[in-house]
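The structure under discussion appears below in the form of structure tokens.
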Amino acid sequence: MEHFVCTGGCGGVSKTMGRCQSEHCLKYNQPMMPCGCSNNQHPGLITACHNCGMICKTKGGCEVEEFKRELEEGN
């Protein structure tokens, strides 16, 4: 079933075409992208962060990047 997703990191999904409504999203008020996936992974539209493996939510950057040195030292 086709749905629409925001690619700004907020995780927004809608059944109808529209614009992102999350005021703290990088793509606030930008058009959401059509997606036809059935597993809620949105391949090609939303990808995991290369630093942490999660979907980054703040300003398009990695949520753990500022702690990277501390995390590496802990290993």
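Here, each number is a calculation from the coordinates, and none is a lab measurement. On a predicted model such as this, the values are computed, not experimentally measured, just so you know.
The value given for the stretch 1-45 is a Kirkwood hydrodynamic radius of 10.3 Å, derived from the mean inverse Cα-Cα separation. Around the amide H of residue 21, modelled in the peptide plane, lie the amide H atoms of 29, all under 5 Å away and 5 or more residues distant in sequence or on another chain.
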